[in-house]
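All remarks here apply to the structure that follows.
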Amino acid sequence: MSTQTRCIVHLDLDTFFVSVERLLNPALVGKPVIIGGTSDRGVVASCSYEARQFGVHSAMPMKMARILCDHAIVVRGDMDQYSKFSKMVTEIIAEKAPVYEKASIDEHYLDITGMDRFFGNLKWSQELREKIIRETRLPVSFGVSVNKTVSKIATGEAKPNGLLQIPYQGVIPFLDPLSIKKIPMIGNKTYHLLRSMGISTINTLRNIPADMIERVMGKNGIIIWKKANGIDPTPVQQYSERKSIGTERTFENDTIDIKMLKDILIGMVEKIAFQLRKEQRLTSCVTVKIRYSNFDTHTLQKHIPYTAFDHVLLKTALELFDKVYSRRMLVRLVGVKFSALVQGSQQLNMFEDTPEMTSLYQAMDKIRLRFGDRSIRRAAGMHVMKEVHHLKFKV
């Protein structure tokens, strides 16, 4: 199907964390609000438009945010509530959209190509937006266009709490005057590189020869150049709660060694949690599986707030193991699975008062990326390292 005939909707829940907090506490409406750790050592996870006017932005040290906006109200984040509202929005979309992709906790893509024969794409999008606002009371912005890139940029221009449609013939006139910063994939490093080349607008980038961009930036340069030209064939990938990553171990000899079983489970959780973080995914469902020597198989799952951190997932997995291992029989197999995955970098411990935990994970993952995923791990289960090494991922 050609780019011209596609119709992709991008929707983004405006200042999502702040909007949820305002639902729970209406006194926050209209005031500068910062979500994050409540001490000076914390980090900003999100902030309201009122706070942004003073220069506050995500990932900023809380101490700096307080200096820039000393009258802001600081609220410690609650991922449990954010996960709940995120799933509420996804359920509304799932009822209406033929194909949808949950790109992150507050962002979705919908492919409604062909629906204009029945409803009119803009009218359909407006009605969906109104339904989300009516049922969740959350502000949401929509972009409607020919592909993911243009729709996402349109959403940014529609904010706050608006809707913008860019038809096929209007794509280039819409993109040309915008800053290159508006293009997804362009972070600070790429932005400064392009600015050093004298490129500031999408129009300028679009008119640079593609081979020149490729020489400077490699294959990513070609992707960015295509986006500047309104070209993005990336499909909307149907979201499914069944999407999962997991692993299991069948023992050569059935065992009743509970300590060993838990040590292996710990190793499994560490390994696939690292895989989640490496792929920038979050999970909201943990499942533990046990197969006894008589081949009876039992599983138990628990839904949790979105996360990709070992210490949260380990606690849940061990809690499930204690519940599912009830027969005191020899065990033939043990496994763990994370499901209901979404894209997104973990914002945990932006809600904490100390950054040590986040720094620890970043340091450990850096070592694993350089020296392999077995290069650093918890002391528990070290004696079963060989067993854990042979585990397979199932995605």
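With respect to being assigned by TED's automatic domain parsing to the domain that holds CYS7, among the polar types (S, T, N, Q) and closer than 27 Å to ARG215 by Cα, THR149 fits the description. Out of HIS57, HIS10, one residue alone is within 30 Å of PRO235 (Cα to Cα) and within 26 Å of the chain's Cα centre (by Cα). It is HIS10. Is one or more of the residues making up region 200-212 crowded, with 16+ Cβ neighbours inside 10 Å, of a type in the set (Gly, Ala, Ser) and either more than 29 Å from SER83 (Cβ to Cβ) or in contact with a helix residue (DSSP H, G or I) (Cβ under 6 Å, 6 or more places away or on another chain) (or both)? Within region 200-212, none of the residues are crowded, with 16+ Cβ neighbours inside 10 Å, of a type in the set (Gly, Ala, Ser) and either more than 29 Å from SER83 (Cβ to Cβ) or in contact with a helix residue (DSSP H, G or I) (Cβ under 6 Å, 6 or more places away or on another chain) (or both).
Hey, any hits in region 251-265 for a residue that's within 30 Å of PRO98 (Cα to Cα) and touching a helix residue (DSSP H, G or I) at 6+ places or on another chain (Cβ under 8 Å)? Among the residues of region 251-265, not one is within 30 Å of PRO98 (Cα to Cα) and touching a helix residue (DSSP H, G or I) at 6+ places or on another chain (Cβ under 8 Å), which makes the answer no. The set of residues in region 153-173 being in a helix (DSSP H, G or I), crowded, with 19+ Cβ neighbours inside 10 Å and in contact with a helix residue (DSSP H, G or I) (Cβ under 9 Å, 6 or more places away or on another chain) consists of ILE153, ALA154, VAL171. A single entry from THR90, THR149 fulfils the requirement of being under 30 Å from VAL43 (Cα atoms), in a helix (DSSP H, G or I) and touching an Asp or Glu at 6+ places or on another chain (Cβ under 6 Å): THR149. Taking the criterion of being of a type in the set (Lys, Arg) and either within 27 Å of the chain's Cα centre (by Cα) or surrounded by 19 or more Cβ atoms within 10 Å (Cβ to Cβ) (or both), the residues of region 281-333 that qualify are ARG281, LYS289, ARG291, LYS302, LYS315, ARG332. When restricted to residues that are over 27 Å from ALA308 (Cβ atoms) and touching a residue at least 60 places away in the same chain (Cβ under 8 Å), region 35-80 contains 1. Of the helices (runs of 4 or more DSSP H) lying entirely inside region 199-311, the ones with 3 or more residues being over 30 Å from VAL342 (Cα atoms) and charged (D, E, K, R) are found at 210-217.
For ASP232, the criteria (1) surrounded by fewer than 17 Cβ atoms within 10 Å (Cβ to Cβ); (2) touching a residue at least 24 places away in the same chain (Cβ under 8 Å) hold in every case but one, which is (1). In this entry, PHE119 is excluded by the filter for residues that are touching a residue at least 24 places away in the same chain (Cβ under 8 Å) and out of contact with any Leu (no Cβ under 6 Å at 6 or more places or on another chain). Picking from residues in region 235-249 that are surrounded by 14 or more Cβ atoms within 10 Å (Cβ to Cβ) and under 18 Å from the mean Cα position of the chain (by Cα), the one that is modelled with the lowest pLDDT is GLU241. Residues that are assigned to a helix (DSSP H, G or I), modelled with pLDDT under 95 and not charged (D, E, K, R) were ranked within region 93-125; the one that is surrounded by the fewest Cβ atoms within 10 Å (Cβ to Cβ) is ALA94. For region 29-82, which positions are in contact with a strand residue (DSSP E or B) (Cβ under 6 Å, 6 or more places away or on another chain) and assigned to a helix (DSSP H, G or I)? Within region 29-82, ALA51, MET62, ALA65, MET79, ASP80 meet the criteria. Flag set for MET79, criterion: modelled with pLDDT under 90, under 19 Å from the mean Cα position of the chain (by Cα) and not small (Gly, Ala, Ser).
The values are calculated or read from the model by the stated rules, or taken from the named source; none is laboratory data. Just so we're clear, the structure is a prediction, and the values are computed from it rather than from any experiment. For neighbour counting, all protein chains shown are included, and Cβ atoms are generated from backbone atoms with ideal geometry for every residue, glycine included.
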